[in-house]
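Colleague: My structure is below; once you've seen it, I'll send some questions.
Please treat every number below as a calculation from the coordinates, not as lab data. Just so we're clear, the structure is a prediction, and the values are computed from it rather than from any experiment. No Cβ is skipped: glycine too gets one built from the backbone with ideal geometry, and neighbour counts run over all protein chains shown.
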Amino acid sequence: MPRFAKFLAEGMQQRGHEVEVWTPKALFYKVPVPASLKKWLGYIDQYLVFPSQTRARLKALPANTLFVFADHALGPWVPLVAHLPHVIHCHDFLAQKSALGHIPENPTSSTGKKYQKFIGDGYKQGKNFISVSNNTRQDLHQMLGYMPRHSKMVYNGLTQNFSPQNRDEARSLIERETGIQTQAGYLLHIGGNQWYKNRVGVIKIYNAWRKAYNQSLPLLMVGAKANAALLSEWSNSPYQKDIHLLSSRTDDFIKWAYNGASVFLFPSLAEGFGWPIAEAMASGCPVITTDEAPMTEVGGSAAFYIPRKRLGNVGNLWATEAAAVVNKVINLSPSELEQVINNGLNNGSRFSSAKALNQIEEIYKELLNKA
């Protein structure tokens, strides 16, 4: 959330508002103790020291101050200002839903359930919320169990400039950077190791496509260093030499990758919003993603959709169905591809940073006027 908090702070400052960012500071955490005790000292800083400091600072603030929580996971601190003008941004409730047993793919430990309850008990004292998608807004209402005083939806705005560039030049840049032969095109996935990103599923789809359609474009998977599950799937793939796990790449590399890709494959199990879908479309890249919200909200009529992979599904039928969609997109005619790209660009224009900040600012003003 630091990037989103920075996005909000800088955006509001540019619009003439005075902004302060308050975060817990490491005090007790700096005490030299065994590593096993460090996190407990961090909890003292967060849940004892910071609240005390905050209560003292509140006395000096003007009455027309709006307290903005960049994420509902900051719920433990909401009660400090719940009686004052405030708003809570909500990105996704995956951890909260997992703790309640609503997401079988992500079981939660007993301590994790207690921590998520601690967070929930906090943000449920809030009255004003902004969600990043209608899907997240619906989840918020389900978690609260009631309709809050204010519950708005504002789609995320892209925080970087994504735009279509020359495809051949982008592929040449990727090739020089990685040594991978990309001039004929490639499949692309961008994402971390979070359970819902379904990186293992990406390789299953690729395996099924290679096997069924006898084509050999490489797969580039850009993101965090591969975890054990992904490495296992990669090492067992008969097409291992064409699957490239790329980590520690720059933002510019990501932009080149979108621009050069034949298709962006994003079979996510769940999201709060789905940034990469909007980024890929804004870069002129065809997108295949999951046929459930919020992916369908972000992709609109411009994306190609595949079913969500379910727990217990070993992936054969699911991957085969997805591979057929991949093959369809890979083999679009030039005129069909141009139409897909234009549809994506038009759809991606919904997610401008200026538009998002303007909508958020109007909500902030409304909340202050009604305080």
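Colleague: Based on DSSP H runs of at least 4 residues, each adding -39500 (n - 2.57), what is the mean residue ellipticity at 222 nm of the chain after dividing by all its residues, to the nearest 500 deg cm²/dmol?
Modeller: Helix-only estimate at 222 nm: -14000 deg cm²/dmol.
Colleague: Please say if the range 1-110 is rounded, prolate or oblate, where rounded means a/c under 1.5 for a ≥ b ≥ c the square roots of the C-alpha gyration tensor eigenvalues, and otherwise the choice is prolate for a/b larger than b/c and oblate otherwise?
Modeller: Cα axes put the range 1-110 in the oblate bin.
Colleague: Decide, for the range 275-352, between rounded, prolate and oblate: order the square roots of the alpha carbon gyration tensor eigenvalues as a ≥ b ≥ c, take rounded if a/c falls under 1.5, and otherwise choose prolate if a/b is larger than b/c, else oblate.
Modeller: Oblate is the answer for the range 275-352, as a/c is 1.5 or above yet b/c matches or exceeds a/b.
Colleague: Here is a follow-up. Need the list of aspartates and glutamates near LYS241 for cross-linking: C-alpha distance under 20 angstrom, and skip anything on the same chain fewer than eight residues off.
Modeller: Candidates past the 8-residue exclusion: GLU175, GLU177, GLU233.
Colleague: Which value, in debye to the nearest 20, gives the size of the charge dipole of the chain about its Cα centre, when Lys and Arg are +1 and Asp and Glu are -1 at the Cβ?
Modeller: 1200
Colleague: Sticking with this structure for a sec: Once both axes come from the Cα atoms, what is the angle between helix 2-14 and the longest principal axis of the chain, in degrees from 0 to 90, rounded to 10?
Modeller: Between helix and principal axis, roughly 70 degrees.
Colleague: Something else: For a quick check: with amide H placed at 1.01 Å from N, whose amide H comes under 5 Å from VAL287's, ignoring anything fewer than 5 positions away on the same chain?
Modeller: PHE264, PHE304
Colleague: If the convex hull of the alpha-carbon atoms of the range 167-351 is projected onto planes in all directions, what is the mean projected area in square nanometres?
Modeller: Result: 9.6 nm².
Colleague: Does the range 232-325 classify as rounded, prolate or oblate by the C-alpha gyration tensor (a ≥ b ≥ c root eigenvalues; a/c under 1.5 gives rounded; else a/b over b/c gives prolate, otherwise oblate)?
Modeller: In terms of gyration-tensor shape, oblate.
Colleague: What is the count of Lys pairs in the range 17-128 whose alpha carbons sit under 21 Å apart, if the two are 8 or more places apart or on different chains?
Modeller: 17
Colleague: Shifting gears a bit: Would you give the gap between the C-alpha center of the range 104-140 and the C-alpha center of the range 273-308, rounded to a whole Å?
Modeller: One Cα centre to the other: 24 Å.
Colleague: Relative to the compact-globule scaling 2.2 N^0.38 Å, provide the ratio for the alpha-carbon radius of gyration of the chain.
Modeller: Compactness ratio reported: 1.08.
Colleague: So for the range 167-351, averaging the separation of alpha carbon pairs under 8 Å that are six or more residues apart and normalising by length, what relative contact order in percent results?
Modeller: 23
Colleague: THR65 label point, 7 Å along Cα→Cβ, cut-off 20 Å on backbone N: hits in the range 21-38?
Modeller: 21-26, by backbone N distance to the label point.
Colleague: Something else: Students often check this: by mean Cβ neighbours within 10 Å, which of 316-329, 31-44, 237-250 ranks highest, and how do the rest follow?
Modeller: Those peptides, ordered most packed to least, come out 316-329, 237-250, 31-44.
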